[in-house]
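Structure, as structure tokens:
The values are calculated or read from the model by the stated rules, or taken from the named source; none is laboratory data. Source: prediction; values computed, not measured. Because the Cβ atoms are built from the backbone with ideal geometry, glycine has one as well, and the counts that use them run over all protein chains shown. We work out accessible area using only protein heavy atoms, side chains counted, and drop any ligands, DNA or RNA first. Shrake-Rupley method; radii C 1.70, N 1.55, O 1.52, S 1.80 Å.
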Number of protein chains: 2
Amino acid sequence: MSTPVLTLAQLNAAAPAAAVAMLDGVYEHSPWIAQRALAQRPFRSLAHLKHALVQALAASSADEQIGLIRAHPELAGKAMVSKTLTAESTNEQSKAGLTDCTPEEFAQIQKLNADYNAKFGFPFILAVRGPRGLGLPKREIIETFARRLHNHPSFELGEALRNIHRIAEIRLNDKFGADITLGNDVWDWQEQLSVHTDPGYAEKGQLTVTYLTDAHRACAAQISGWMRDCGFDSVHIDAVGNVVGRYEGATPDAKTLLTGSHYDTVRNGGKYDGRLGIFVPMACVRELKRQNRRLPFAFEVVGFAEEEGQRYKATFLGSGALIGHFDQRWLEQKDADGITMREAMQHAGLKEEDIPKIQRDPARYLGFVEVHIEQGPVLTELDLPLGIVTSINGSVRYVGEVIGMASHAGTTPMDRRRDAAAAVAELILFTEQRAAKDGDSVGTVGMLEVPSGSINVVPGRCKFSLDLRAPNNAQRDALANDVVAALKDICERRGVRYELEETMRAAAAPSAPAWQQRWEQAVDAQGIPLFRMPSGAGHDAMKLHEVMPQAMLFVRGINSGISHNPLESSTNDDIQLAVQAFQLLLDNLAAEQAH
Amino acid sequence: MSTPVLTLAQLNAAAPAAAVAMLDGVYEHSPWIAQRALAQRPFRSLAHLKHALVQALAASSADEQIGLIRAHPELAGKAMVSKTLTAESTNEQSKAGLTDCTPEEFAQIQKLNADYNAKFGFPFILAVRGPRGLGLPKREIIETFARRLHNHPSFELGEALRNIHRIAEIRLNDKFGADITLGNDVWDWQEQLSVHTDPGYAEKGQLTVTYLTDAHRACAAQISGWMRDCGFDSVHIDAVGNVVGRYEGATPDAKTLLTGSHYDTVRNGGKYDGRLGIFVPMACVRELKRQNRRLPFAFEVVGFAEEEGQRYKATFLGSGALIGHFDQRWLEQKDADGITMREAMQHAGLKEEDIPKIQRDPARYLGFVEVHIEQGPVLTELDLPLGIVTSINGSVRYVGEVIGMASHAGTTPMDRRRDAAAAVAELILFTEQRAAKDGDSVGTVGMLEVPSGSINVVPGRCKFSLDLRAPNNAQRDALANDVVAALKDICERRGVRYELEETMRAAAAPSAPAWQQRWEQAVDAQGIPLFRMPSGAGHDAMKLHEVMPQAMLFVRGINSGISHNPLESSTNDDIQLAVQAFQLLLDNLAAEQAH
């Protein structure tokens, strides 16, 4: 990292041309971006400056955007070989080891460069410097390159711009000597915890941690150890395997703020889903302890043992146990190897009879907050690091089938068909339009099949699934009623029939307004715009919602926000902002309590 | 069968009330149908009368139609037990053995009666008397009953009315002493030929006759034998297994009229597909021989050995060989047991070196005509026994895939999706509407699948097939261009991409106008309305089309016109009309040639 030469105060005070010069090299050969963004001065924070640059590019013309992308060198391309790269690019490409390719790697990258340019008309852009200034492994760069070659052009344009912003962010961090220690530390915890994975996955390089396996128990031990290192007053593993760390308040009778998320994963999952919500508050406690600060309330961070329902069908087991929702019948469930949950718990030294004792008394708690990676594309597409959750969506799911009449595709005139697939096609488009009308509802037909379909047979049957979600139950029910009514109408009009089975119905969990507002204050103070959004996925907060007020904070996921996938990822910069926001929420809450 | 008491001349001449009385009992308790139909007098033929009755019912109100159905007794129901059935119903139910049920069968039928009435609100109607006045087997009646219970109400209403017309037709045949000997004889040939079936199918009661199996060769021998019995001058099995029968013309230098169809079947196929086109002209030759009549042209009836491409991928092998389209590479193809076509031909005693010799000289032929079961629902839904084919549709087939981006169904807002299935849904509906606009084009997405779809994942991929057909190549190409353009537009608008592979393109075979007109004259003379229609399926006539003029006649298929299925069926009455039409075509052609 180069020596910091710049402060925000200097930038805010500089004459226009001098200010542009200060940001020289942040966007490759494109000072116009800095020029436009600087009109937004003064900047409240580095994050504010970064967002102003993002906005300047977003408001530019398509030609300007393509021009910016084309101003970038190819990866390990001619400019690198002829040593005509900018100083910044030389630094980045060399840290990624690209100046040190084998002839095979070099040839492979040249082929990818040619194919990519032929398809998209601009060079491949990847932010090749990771956290702590380290380069990405060459293997990962080549894999990402090959994967992105398959993207749709309109999507890949966005990916290129997002990577340019990420490159700019890293260059700005260097320029301003940004302190992202907290983000880097959380990043390191994520990385280190991900070495534990269930048997059969490690050799494939996959992360899988399911309830009470050896890897799962190693994770619990690891999190407990880190919590102790951070200075929690007490750390223990409870009767269902939750890791519970407490940092006591200034007085013994103080109420408790509860937070946390889960440390189990889906099969071949990501490193951030759940775990980020344990490590972000853990970093906050470490900082409090370093400052020897006590808050006027106790702070309890729980790593929930089970949320994903992978080994046993017992989703939200960890957070559910805290509100007394442990179903005794789960104990008889067997995993794929025939091991019952009871046996797994005994093997882990957990005491079934202690489970009721971990139920919390809501009267002793202020509320529950949870930090979670977004698991969706919204924040990344809007170039926003953090989002305020307004509600965890309520949902309803169905599986269904339309039954028409199979007939000869050549001899059955269009007006004499009873085409089951055409009926489902109408349902798909209706669902799409009806959900879009709400703005914040979603509706999905994820499973779709004409069983044993033939190219020359009008479909007699078509199977499908329906997943409908909305931020509150009334909106969800109105959506579901309209979609089911449409299915009925479509089938009546087409002279086909349908079968539909409701397989799940979950209530919405709207954020408690006061707690949502606390997150908003904390995010606003980072100098970035507030963005409110529902959570489409379920979270542990849904369980706590049943007994106490709750609100969640979302952190942007990169790679289109993909989740339940090894590509799930975040950045040290975004995590840094999340820790800072959480610290501020604690500070503000302390100030409130002091009054 | 009761003694005939009535002639059409008497009916045409009778006073209105007397005429209604003459038709008493044809439609159960519903003399109003006869009353309305009689306004169409004079009737040119019994078929004309039958059609007038059909039209009278078609023009009646929904209440009148339901009333007619409800005027029918339940099968083996209370009226049968209490002996209050009409004389006609008693006769029919007793011939079907329904008056002689076991207690189990009786209980089963009562349960079906109750379920059926509860679902549709009217009793189950089935024409239980088959050809030659025999009843349908009880087992078949119960199976049909159970199957039809699953039909859509709007479709089952049509089935009930169609069965009522069939019951009326049989009752009218009795009243007028209709001569349906030719139809019955062809019916018998169909039944008898269907005893030959490939190994593994007989025990399942299924009909399967594929190229050069023992069953196939038994069929060839059987058809040859019958041709000889009918009085063909020469009968032989040619180098590819076609059965060729010739009935020579009045002079040795006379040109030849060619006809025929195939005797192979699909797996678990029907008895009529192909074979009807051999037996109908065979009956014509028998009648010519009986009358010792010679036509001014020779008449050649060919049972084509192979059309369905089941054992080997060599569709239209039999008719293709007659126009010199035998692909030598086919000989190396192996069947599922590893037997090459060459080995199969050697085993059957066929001589590969003779194949080129069977190519016909078109200059020696007047043209080609073919009778075929419709294999579609049009004629049965319009209550028409025969249809005039205007063209064998040209077709084009594709298999394709839309590639979007899989994402979380809960967290991906509707306006940020790249849903592959929704794109295909649009394509399905576009194809449906675009094909319908032509009136006589058809377009089908028969295969449809989201591979490994999940209820909570926005589809990232969706596979589909496309089958597009139209009566001429220009119309087919315009349809295909519009559908492919729509796919492109849909994918561009949705930010997804597609792959599309054309797997088949077959030219249309429009009927030769002069030959189509000959069929029209022959059908019109039967007293039934002309109905012109394209053939959606391919036929042997497509091959002969390449070297000589051709035209086809369609015969109604009952059971919704289902084909490639054991339910494929025709009636002795419809076959009788087909034979009569063919006889007239020969007579008219003879008269033309005489001039």
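Odds and ends about this structure:
- Nm distances between copies for A:ALA118, ranked from closest, using label points 7 Å along Cα→Cβ: 6.6
- Backbone amide hydrogens, once placed in the peptide plane, bring B:TYR498 within less than 5 Å of B:ILE403, excluding anything fewer than 5 places away on its chain.
- The Cβ shell under 15 Å around B:GLU449 holds other residues with a net charge of -1, Lys and Arg each +1, Asp and Glu each -1.
- For the pair B:GLN110 and B:PHE531, a Förster radius of 56 Å applied to the C-beta separation gives a FRET efficiency near 0.85, rounded to the nearest 0.05.
- Centroid-to-centroid separation of the stretch B:246-307 and the stretch B:120-194 [C-alpha atoms, Å]: 28
- Using θ = phi - 60° in the Karplus curve 6.51 cos²θ - 1.76 cosθ + 1.60, the 3J(HN,Hα) couplings for the stretch A:344-351 round to 4, 5, 4, 4, 8, x, 8, 9 Hz; x is entered for Gly and Pro.
- A Förster radius of 41 Å combined with the Cβ-Cβ distance from A:ARG41 to A:SER94 puts the calculated FRET efficiency at roughly 0.75.
- When chains B and A come together, the accessible area they lose, probed at 1.4 Å and totalled over both chains, is close to 5100 Å².
- Label positions at B:GLU501 and A:HIS29, each projected 7 Å from the Cα along the C-beta direction, are separated by 4.1 nm.
- Converting phi to 3J(HN,Hα) with the Karplus coefficients 6.51, -1.76 and 1.60 and the offset θ = phi - 60°, the stretch B:159-169 yields 4, 4, 5, 5, 5, 5, 5, 5, 4, 4, 4 Hz in sequence order, with x at every glycine or proline.
- Relative contact order for the stretch B:401-522, counting Cα pairs under 8 Å that sit 6 or more residues apart, in percent: 32
- Protein accessible area in the stretch A:196-245, 1.4 Å probe - carbon and sulfur %: 50
- Less than 5 angstrom separates the built amide H of B:TYR365 from those of B:THR256, all sequence-distant by 5 or more or on a different chain.
- Compared with the rule-of-thumb size 2.2 N^0.38 Å for a compact globular protein, the protein assembly as shown has a Cα radius of gyration ratio of 1.21.
- Accessible surface of A:LEU157 - all protein chains present, 1.4 Å probe, nearest 10 Å²: 50
- Neighbour cut-off at most 12 other Cβ (10 Å), DSSP loop, trypsin sites (Lys or Arg not before Pro), the stretch B:110-190: none
- Its residues counted as N, the stretch B:1-94 yields a C-alpha radius of gyration over 2.2 N^0.38 Å of 1.17.
- P(r) tail fraction, the stretch A:138-194 - alpha-carbon pairs more than 14 Å apart, %: 72
- Beta carbon of chain B nearest to the axis of the rotation taking B to A, residue and angstrom distance: B:ALA425, 2
- Note on A:HIS595 and B:GLU203: the model spin-label points, each 7 Å out from Cα along the C-beta direction, lie 8.7 nm apart.
- Taking a ≥ b ≥ c as the square roots of the eigenvalues of the Cα gyration tensor, chain B is classed as oblate, since a/c reaches at least 1.5 and a/b does not exceed b/c.
- With label points set 7 Å from Cα along Cα→Cβ, the inter-copy distances at A:LYS437 are 2.7 nm, sorted shortest first.
- Cross-link partners for B:LYS271 among the lysines, with Cα-Cα distance under 30 Å and sequence neighbours closer than 8 places in the same chain left out: B:LYS50, B:LYS95, B:LYS138, B:LYS175, B:LYS204, B:LYS289, B:LYS313, B:LYS334, B:LYS351, B:LYS543.
- Environment charge of B:ALA485, counting only residues whose C-beta is closer than 14 Å and scoring Lys/Arg +1, Asp/Glu -1: -2
- Inter-label distance, nm, simple model (7 Å from Cα along the C-beta direction), B:ASP415/A:ASP524: 2.4
- Amide H within-cut-off set for B:THR340, under 5 Å, with H built and near neighbours excluded: B:ASP335
- Calculated label separations, B:THR84, copies of the chain, 7 Å along the beta-carbon direction, nm: 10.3
- Cβ-based net charge around B:GLY135, under 11 Å, with every Lys or Arg adding one and every Asp or Glu removing one: +1
- B:THR315-B:GLU492 FRET efficiency (beta carbon distance; Förster radius 41 Å; 0.05 resolution): 0.65
- Gain on full extension, evaluated as 0.36 nm per residue between A:ASP253 and A:ARG147 minus their Cα-Cα distance, stands at 32.6 nm.
- Among beta bridges that DSSP assigns inside chain A, antiparallel share in %, nearest 5: 70
- Taking every DSSP bridge with both residues inside the protein assembly as shown, close to 70 percent are antiparallel.
- Within chain A, helix-based [θ] at 222 nm, where runs of 4 or more DSSP H residues each add -39,500 (n - 2.57), nearest 500: -13000 deg cm²/dmol
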